[in-house]
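The structure appears below as structure tokens.
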Amino acid sequence: MPRALLASYANRLDFSGPATPGETLSFNRVRIELLSGLTVALALVPEAVAFAFVAGVHPLVGLYAAFLVGLITALIGGRPGMISGATGALAVVMVSLVAEHGVEYLFATVVLMGILQILAGVFKLGKFIRLVPHPVMLGFVNGLAIVIFLAQLTQFKVPDAAGNMVWMTGWPLMMMLALVVLTMVIIWGMPKITNIIPAPLAGIGIVAGLVIAFGIDVPRVGDMASIEGGLPSIHIPMVPINMETLQIIAPYAFILAAIGLIESLLTLNLVGEITGKRGGASQECIAQGVANTVTGFFGGMGGCAMIGQSMINVKSGGRTRIAGVAAALFLLIFIVAASPLIEQIPLAALVGVMFMVVIGTFAWQSLTILRRVPMTDAMVIILVTVVTVLTDLAIAVVVGVIVSALAYAWNNASRIYAKTYTTPEGAKVYQVQGPLFFGSATGFTELFTPEDDPAAVIVEFADSRVVDQSALTAIEAVAAKYAAAGKSLQLRHLSRDCHKLLSKAGQLMIDSDDDPDYAIAADYSVKTGILGGGH
């Protein structure tokens, strides 16, 4: 079911068709990649400016971050086709740091954030993203789609006479909505006519041409802020190099690094399912780290993967590193040389593009499968979606993983049971079925009846596994009950990994002299008073 959902999702997004395996870098492929990069760059401008405002820094701080992070991750990232830049998930964390300590501390924090992400890649911590269950992934996708939608609503606000932002009304609102709908219709209809130009780029170009040609009075990019600037230059963060500074920036750096990697790795998995690619988690961690470290030294606010822009790129046909590099370079050109032109683009066109991204990103099938999947999975999908919208992505993913893990533990805890029989010698054998761990430890101890059992009891573990300290304690507790009743307890057919775990517990087990040297051990007696002596 998960692969079918993602396959359907990929088909819905990919209007121009993926690059086929082994496809040469033809003129047509380069054209698609460059036009896709241009589309992404146009969509990056208002996003970077808006997120800079959220963080409380100058718009160029966000634009420089979008350029540098986007360029470096495109060059050395783990997944061609992904787009990175300044993001709202990071901006909302940065705002309190900037307000309390100033922008220079932000730059220092971004440098430390990058170093932490590099270390995560070196130690291959990115592989743990595979522990994120599919329901959490669906909740992540749905939550971010809603967040992207809500972020676009701010474009429907204008300053009043007092400078306060208020909702549009009357004719300006009608015109804004009309242009948004027109952009969406063009994006929907263009692939049915031609794929020469990416549909989002065509939507932006046609709507911008109409607005400029007829002088339609609607908000434009330049109304947000001027994007004119020069080339980013090296800027060493002007902060004291001492423990006090480290104490200030370290908590923010850890949070930003975690949020950035979680969002980047989840986006990496999503783009990987669409483009048919695998792996690259550790490489992506290092790329994000290098990008943020460099950005911190060039006056940028840092960033991570952007699911919205990544979907625009995939939707426009971008499949190689060319599109990501082109997007970053086009953005730099906008800043340095083409700001007057870019500032004339109506925000309605860019909002229309992002609304189409929302429609394509939201996993609509998740609404229909809620009644078909286990109730726990349905709850996780809804929970992660809601928490993503109300708080942030990192908290949502952690909550989703914890709930999924607890549900898994509960399900496995209820599966432990034992079959019993008596040997010709008169010993009672308990054939334990199911894993023995913290969740099933109580159920395990309740399987035994020391007062009614014979003098010799054997616990058969061929169909079970001893997992953790709670399991060890449970085994010792059962053994103590039999010892108190003057009866013996032996463990049989422990796998080697289970044997190693029990031996490490402090000679909890007594090896038999005839222990065979193969994958399954023979009979073992149990020493008591090792783990439970302190209680």
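Since every read-out is calculated from the coordinates, none of them should be taken as a lab result. Here the structure is a predicted model, which is why all the values come from computation and not from measurement. Note that each Cβ is placed from the backbone with ideal geometry, even for glycine, and that neighbours are counted across all protein chains shown.
Quick look at the values:
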quantity	calculated
Residue-wise HN-Hα coupling along segment 203-208, computed from phi with Karplus coefficients 6.51, -1.76, 1.60 (Hz; x: Gly, Pro)	x, 5, x, 5, 5, 4
Cleavage-rule hits (chymotrypsin sites (Phe, Trp or Tyr not before Pro)) in segment 121-170: DSSP loop, at most 11 neighbouring Cβ within 10 angstrom	PHE123
Cα-derived Rg to Rh of segment 236-295, Kirkwood definition	1.13
Alpha-carbon Rg/Rh ratio, for segment 435-480, with Rh computed the Kirkwood way	0.96
Antiparallel DSSP beta bridges within the chain, as percent of all bridges there, nearest 5	65
Nearest 10 degrees, 0 to 90: helix 321-336 Cα axis against the chain principal axis	40
Shape of segment 171-317, Cα gyration tensor, a/c cut at 1.5	oblate
Nitroxide proxy distance, nm - points 7 Å out along Cα→Cβ at PHE438 and ILE234	4.9
Estimated FRET transfer efficiency (MET174, ILE333; beta-carbon r; R0 41 Å; 0.05)	0.75
Spacing of the two label points (7 Å from each Cα toward its C-beta) at THR368 and ALA427, in nm	5.8
Area projected by the alpha carbon convex hull of the chain, averaged over all directions, nm²	32.5
Using alpha-carbon coordinates, inclination of helix 103-122 to the longest axis of the chain, degrees	50
Folded to 0 to 90 degrees: helix 134-152 orientation relative to the chain principal axis, Cα	20
Check: segment 297-399 dipole with +1 on Lys, Arg Cβ and -1 on Asp, Glu Cβ, in debye	340
For PRO251, net neighbour charge (Lys/Arg +1, Asp/Glu -1) across residues whose Cβ lies under 14 Å away	-2
Top positive-direction residue, dipole computed over segment 32-188 with Cβ charges, set MET174, ALA108, PHE140	PHE140
Percent breakdown of C-alpha pair distances by 5 Å bin, ordered from the shortest bin, for segment 162-226	3, 15, 22, 22, 17, 11, 6, 2, 1, 0
Above-threshold pairs, the threshold being 24 Å between Cα atoms, out of LYS157/LYS192; LYS127/LYS500; LYS428/LYS481; LYS192/LYS315	LYS157/LYS192; LYS127/LYS500
Sites ILE212 and GLU104, calculated FRET efficiency, Cβ-Cβ separation with R0 51 Å, nearest 0.05	0.80
Principal axis dimensions, largest first and in whole angstrom, of segment 340-437 by Cα	94, 26, 20
Chain lengthening between LYS419 and LEU341 when straightened (0.36 nm per residue, less Cα-Cα)	20.3 nm
Total charge dipole magnitude, the chain, about the Cα centre, Cβ charges on Lys, Arg, Asp, Glu only, Debye to nearest 20	1240
Pairwise FRET efficiency - TRP188 versus ASN242, Cβ, R0 = 60 Å, nearest 0.05	0.60
Low-density loop positions, trypsin sites (Lys or Arg not before Pro), segment 384-444 - DSSP coil, at most 16 other Cβ in 10 Å	ARG415
Pairwise label distance in nanometres, LYS500 with ALA462, each label 7 Å out on the Cα-Cβ vector	2.4
